[in-house]
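Working notes, structure below.
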Amino acid sequence: MTLDPAVERLLRDATPHVVGAIVRRYGDFAASEDAVQEALIAAAAQWPRDGVPDNPRGWLIQVASRRMTDHVRSETSRRRREALAAGPIPLGLQITDGVDVEIDSVGDDTLILLFMCSHPALTRPSAIALTLRAVGGLTTAEIARAFLVPESTMAQRISRAKATIKSSGVPFGMPSAPERSARLDAVLHVLYLMFNEGYASSSGTAVHRTDLSNEAIRLTRAVYRLLPDEPEVAGLLALMLLTDARRAARTGPDGELIPLDEQDRSRWDRQAIEEGTSIVSATLPRGSVGSYQLQAAIAAIHDEAPSTDTTDWPQIAAVYELLARLSDNPMIELNRAVAIAMVHGPSAGLALLDALDSDERLAGHYRLSAVRAHLLERDGQHGAAIECYRAAASRTTSVAERNYLLMKVARLST
Amino acid sequence: MKYMLMMHTPRAGFENAGIATWPMEDIKAHIGFMKRLATDLHAAGELVGAEGLASPEHARVVRAGKGGAPEVTDGPFAEAKEFLAGYWIVDVPTTARAYEIAARASAAPGKDGVPLNMPIEIREVMSPPPAD
């Protein structure tokens, strides 16, 4: 079934509001979210045939409410049957009617749902899947395709995630102010991983892949509209735009990875670069600097340069140093080594890598071998570079990375 | 009928004479071949699933130890001459078709474009009991 893009957009945009309205009315998040999913599927079947109703949101709320009423009725009779067999119904299992308040709080609903779906008790893959369904309005089948797992597996993962939220007892509402910033971090992290999942695998062997990166950008845009003064939200949106801008140039005709320094920069998306750059330049001076803003700044420096040689590497090295101060992550140090090598020569970069050899978090990681190989190659030590490229190729678990590293070996060997 | 097609690669080949020693054009041709195979099987509605497996040096054997706790060892395949490099699961009307697909996969191009003629093990996937 192919849906008219305008209708699809309408449905997807309406999703968080409809879920919010139903949860507020009936109280049960898990069942409400299922009911909305059914309403969305009904709309996708009916609207192209019968036309879009005058009040699409009202239509969806009505259909989802009807499903909820059916659900409550069958649950009640099931419990009555069970009660007859097993004695009185425990108080906690009795159905309580949700408070029926109909406030127009589309934005709040989106945020509340995002906070809920990024609940710390959930694994990150579950949080991403639940976010895609409850906030993004994707069907279970679409999400399953995006993750390359069978639909029944994804359905199970989503229903377990909802059960986890239910047993954690979080109410459907905005977290308190002190809690909010930690919860916002979790939301941004989920959106960031969603983006990476789509971006990293865009060159994999997958034939069909729902575009997770675009969905992550769409949702982050929504958060940015709602919280324009949160610098890290702006930073994350800018980072996604500036990274995604290079997508077309990042893979060759056979799906092989093309590294930054060999990309055809005329294929970069100028509009996305402009938007991302203007967001990050407006945000950075405001002072509350975080890691998404800094990563966006680095991406912007790359995106503005006409070539690797004309890239402002001293500035990139400086931003990596700021990043390293924010978080103790050896991957940052690894990237900084590349920047330092571009400024002071490969041996300066290699010296930094030697210091990372003893870091247990990187032990045996292919990236350390890959970066070392790259710097050795720049230093003219081809034999040693080949060894490191080979080691990296045997360690990576990404087909596209492995192929890229094997090509490097082949190129240096001839 | 569903079949699992398992691609076995000689271990020695992987480590010192394998793909890591081929010229770039040959590697490209090999990758392109595998990609086309997956695309064609998908387009024909025959592909159920396919995965390439990471290098065997990460492989571990797990047995339940005391109290069911995992007991992890590196062996015994350190001496194995071949290892499973990847698999396809295809859904096809006949065994002959499964053989055909396996033969195509087996002939993936290697160094200088010479077909590798890798051994592809074929196993039928068990099916649910017939409907009453």
For a footprinting-style exposure proxy, rank A:PHE195, A:PHE115 by other Cβ within 10 Å, fewest first.
A:PHE115, A:PHE195
B:ALA50 long-range amide H proximity, modeled H, under 5 Å:
B:ILE89
Just need the relative contact order of segment A:136-252 here, percent rounded to a whole number, with Cα pairs under 8 Å and 6+ apart.
25 percent
Go ahead and estimate [θ] at 222 nm for chain B from helices alone: -39,500 (n - 2.57) per DSSP H run with n ≥ 4, summed, over the residue count, rounded to 500.
-8000 deg cm²/dmol
Which whole-number percent is the relative contact order of chain A (Cα, under 8 Å, 6+ apart)?
10 percent
On the formula 1/(1 + (r/R0)^6), with r taken between the Cβ atoms of A:ARG80 and B:GLU51 and R0 of 45 Å, the FRET efficiency rounded to 0.05 is 0.40
Short version: what are the Cα gyration tensor semi-axes of segment B:59-127, square root of 5 times each eigenvalue, largest first, in whole Å?
33, 20, 8
Qualifying lysines (Cα of each under 29 Å from Cα of B:LYS111; at least 8 residues distant if same chain)
A:LYS408, B:LYS28, B:LYS35, B:LYS81
Can you tell me the orientation of helix A:5-26 relative to chain A, as the angle in degrees between its alpha-carbon axis and the longest Cα principal axis, to the nearest 10?
50 degrees
FRET efficiency estimate (nearest 0.05) - Cβ-Cβ, A:SER152 to B:ALA43, R0 22 angstrom:
0.35
Taking the alpha-carbon centroid of each part, what is the distance from segment B:91-113 to segment A:133-157 in angstrom?
32 Å
Taking N as the number of residues in the protein assembly as shown, what is its alpha-carbon radius of gyration divided by 2.2 N^0.38 Å?
1.10
Contact order normalised by length for chain B, with contacts defined as Cα pairs under 8 Å and 6 or more residues apart; what percent is it?
46 percent
Can you give the translational diffusion coefficient of segment A:232-332 in µm²/s, computed by Stokes-Einstein from the Kirkwood radius over Cα pairs at 10 °C and 1.306 mPa s?
113 µm²/s
Degrees, to the nearest 10: A:151-168 long Cα axis against longest axis of chain A
70 degrees
Taking a quarter of the surface of the Cα convex hull of segment A:287-351, what do you get in nm²?
4.5 nm²
Once the Cα atoms of helix A:366-378 and of chain A are each reduced to a long axis, what angle between those two axes, in degrees from 0 to 90 to the nearest 10, is obtained?
30 degrees
Pop out the Kirkwood hydrodynamic radius of chain B from its pairwise C-alpha distances, inverse of mean 1/r, in Å to one decimal.
16.7 Å
Based solely on its DSSP helices, what 222 nm [θ] is calculated for chain A when runs of n ≥ 4 H residues each add -39,500 (n - 2.57) and the sum is averaged over all residues, nearest 500 deg cm²/dmol?
-23000 deg cm²/dmol
When we measure straight from the Cα of B:LYS2, which aspartates and glutamates land under 20 angstrom away, once same-chain ones fewer than 8 places off are left out?
A:GLU151, B:ASP40, B:GLU46, B:GLU51, B:ASP91, B:GLU100, B:GLU121, B:GLU124
Over the residues of segment A:302-414, compute the C-alpha Rg and express it relative to 2.2 N^0.38 Å.
1.07
What's the FRET efficiency of B:SER106 with A:ASP54 using the Cβ-Cβ distance as r and R₀ = 51 Å, to the nearest 0.05?
0.25
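Each reported figure results from applying straightforward, stated rules to the coordinates on display, with no laboratory input. Remember, it's a predicted structure, so these values are computed and weren't measured experimentally. Using ideal geometry, Cβ is built from the backbone for each residue, glycine included, and neighbour counts are taken over all protein chains shown.
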